[in-house]
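The values are calculated or read from the model by the stated rules, or taken from the named source; none is laboratory data. Note that this is a predicted model, so its numbers are computed, not measured. Cβ sites come from the backbone with ideal geometry, for glycine too, and all protein chains shown count toward neighbours.
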Amino acid sequence: MSDAKIIVHGGAGTIRPRLWAAYRDGAHVAAGIGQQVLNRGGSALDAVIEAVVNMEDNPVFNCGTGSCLTYDGRVECDAFVMTSDLRVGAVSIVTNLRNPVRLARVVMEQTVHHVIAGEATNRLADAHAIEKIDPHALIVDRRRRRWQEMMDRGLEFMVDPELEASDDPADLTDEDAMDTVGACAVDREGRVAVAGSTGGIMLKYPGRVGDTPMPGAGNYAGPAGAVACTGHGEAIMRVCLAKYCYDLLEQGVPVAEAASRSISHLTERVQGFAGLIAIDAHGNRAWATSTPNIPVGIPERVIDDSSGQHPA
Ligand code: ASP
């Protein structure tokens, strides 16, 4: 029997003080929902799915309702799930599902594939009775306003040369431009799972696939633990950040050290802005980030200071 534990994140970025409480509390609530599943004897997989579904339905976060918008002003979501026995499922470029992470689970459990993208996600959702939603209902005013402001500034696909050259993480992690969610859990049986969901990054090129649905890039789970990343997906995928951190866990590196070494690796290799949460198979948890904030949720206490690198 293991200690059943969960940790969630609400996206690495620059969260302005007036929005901080909504992110902090949203992450805390989602962690509590996952923990209830674990306390009832539920699986780590059920726990991370229910935590992420709660955040997909919370308009604060960049996933499901409240997702960032593409350059042409639409929502395209990615989602991911993986368990310690190396089962994995992901969806990408999903336009009309309330909870994309539920379809990621379908890919994992009901298909022989691991990643399904684009129009085909519609057919798969229909075949498995996954709830559809009017794509316009996924767009919230705050994101629409931010999209308009960024368009007015003439930014393109978040690769504006001025931003790329900036030393200030607040530029590349602009408020309302990121904030993916993720959850990692271990259950009483010692099974580990990770789930993630995102609208990607603001002004992304239509059809862009981020790090979240790429196994080993944005998320990874195995017998040694689970890792969920957030931040600038193009940087995260270049170093396969989740797998990098997971491999440290497998080598026996303590989880807090694995988290901080992974973020240092990202910073050294690609100067990227990202954060991650991690859990080992014993339920030890930690997070680290190179961005000004990453809202982190655990059920035991509200986490108010989430900058830097910490054991949870
Ligand atoms: N990593 C996500 C992406 O690039 C964005 C985020 O984490 O906020 O799609």
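See the values below:
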quantity	calculated
Test for Glu76: is it surrounded by 24 or more Cβ atoms within 10 Å (Cβ to Cβ) and of a type outside the set (A, V, I, L, M, F, W, C)	yes
Tally of residues being of a type in the set (S, T, N, Q) and surrounded by fewer than 21 Cβ atoms within 10 Å (Cβ to Cβ) across the stretch 36-59	3
Test: residue in the stretch 272-282 that is surrounded by fewer than 24 Cβ atoms within 10 Å (Cβ to Cβ), over 22 Å from Asn62 (Cβ atoms) and modelled with pLDDT under 95	no
Failed item, numbered, when Leu248 is tested on (1) within 14 Å of Cys184 (Cα to Cα); (2) crowded, with 19+ Cβ neighbours inside 10 Å	(1)
Those residues of the stretch 100-115 which are under 15 Å from the mean Cα position of the chain (by Cα) and without any contact (Cβ under 8 Å) to a residue 60 or more places away in the chain, in sequence order	Arg102
Qualifying residue in the stretch 62-80 (condition: modelled with pLDDT of 95 or more, away from the ligand (no atom under 16 Å from the Cβ) and either aliphatic (A, V, I, L, M) or closer than 17 Å to Glu131 by Cα (or both))	no
Residue match in the stretch 175-184 (condition: more than 30 Å from Leu155 (Cβ to Cβ), more than 8 Å from the ligand (Cβ to nearest atom), part of a strand (DSSP E or B) and touching a residue at least 12 places away in the same chain (Cβ under 8 Å))	yes
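Yes/no per residue for (1) touching a residue at least 24 places away in the same chain (Cβ under 8 Å); (2) more than 22 Å from Ala51 (Cα to Cα); (3) within 12 Å of the ligand (Cβ to nearest atom):
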{"site": "Gly222", "(1), (2), (3)": "yes, no, no"}
{"site": "Gly225", "(1), (2), (3)": "yes, no, no"}
{"site": "Ala228", "(1), (2), (3)": "yes, no, yes"}
{"site": "Ile236", "(1), (2), (3)": "yes, yes, yes"}
{"site": "Val239", "(1), (2), (3)": "yes, yes, no"}
{"site": "Ile263", "(1), (2), (3)": "yes, yes, no"}
{"site": "Gly272", "(1), (2), (3)": "yes, yes, yes"}
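Each row is one residue, and each column tells you yes or no for (1) in contact with a helix residue (DSSP H, G or I) (Cβ under 9 Å, 6 or more places away or on another chain); (2) of a type outside the set (A, V, I, L, M, F, W, C); (3) modelled with pLDDT of 90 or more; (4) closer than 25 Å to Gly275 by Cβ.
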residue: Gln110; (1), (2), (3), (4): yes, yes, yes, no
residue: His113; (1), (2), (3), (4): yes, yes, yes, no
residue: Ala129; (1), (2), (3), (4): no, no, yes, no
residue: Ile133; (1), (2), (3), (4): no, no, yes, no
residue: Met150; (1), (2), (3), (4): no, no, no, yes
residue: Glu162; (1), (2), (3), (4): yes, yes, no, yes
residue: Ser166; (1), (2), (3), (4): yes, yes, no, yes
residue: Glu175; (1), (2), (3), (4): yes, yes, no, yes
residue: Glu189; (1), (2), (3), (4): yes, yes, yes, no
